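Enquirer: One structure, pasted below without further comment.
The values are calculated or read from the model by the stated rules, or taken from the named source; none is laboratory data. A quick note: this is a predicted structure, and the numbers were derived from the prediction, not measured. Cβ atoms come from the backbone with ideal geometry, glycine included; neighbour counts cover every protein chain shown.
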Amino acid sequence: MKKAKKIKHSLYLIVALAMLVYALPLISFSGGWSWTSAFGVAWALFAFLVIGAHLHYLLGVDEEKQKTLDRIKAEKLRQWQLKWPEEKQRSQEHM
């Protein structure tokens, strides 16, 4: 499952890069700023955003964060399980 997601993100990254490489030379700034050049710049910025998102996923930045969160959750669960017998004992003493 994980490998299929990486392949999908790699494919989308390649497609976005190809579109950007094709479109960047076609954006013309020779006539100054016009609606066409403004659209080209906005489109290129969105393309860079898509490329950055796919690179973020492929480089595994989220995996490190997820591992850290999993360790924290496991520690909290362990602490809660250690606390459980104490609370059970206290409730029996009050009865």
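Enquirer: What number of residues in the stretch 11-57 are modelled with pLDDT under 90, aromatic (Phe, Trp, Tyr) and surrounded by 12 or more Cβ atoms within 10 Å (Cβ to Cβ)?
Expert: So the count comes out to 1.
Enquirer: Could we say that LEU82 is surrounded by 10 or more Cβ atoms within 10 Å (Cβ to Cβ) and either part of a helix (DSSP H, G or I) or modelled with pLDDT under 85 (or both) here?
Expert: For LEU82, the condition - surrounded by 10 or more Cβ atoms within 10 Å (Cβ to Cβ) and either part of a helix (DSSP H, G or I) or modelled with pLDDT under 85 (or both) - is not met.
Enquirer: Among LYS3, LYS73, LYS8, which is the only one that is at pLDDT below 90, part of a helix (DSSP H, G or I) and charged (D, E, K, R)?
Expert: Criteria check complete, one pass: LYS3.
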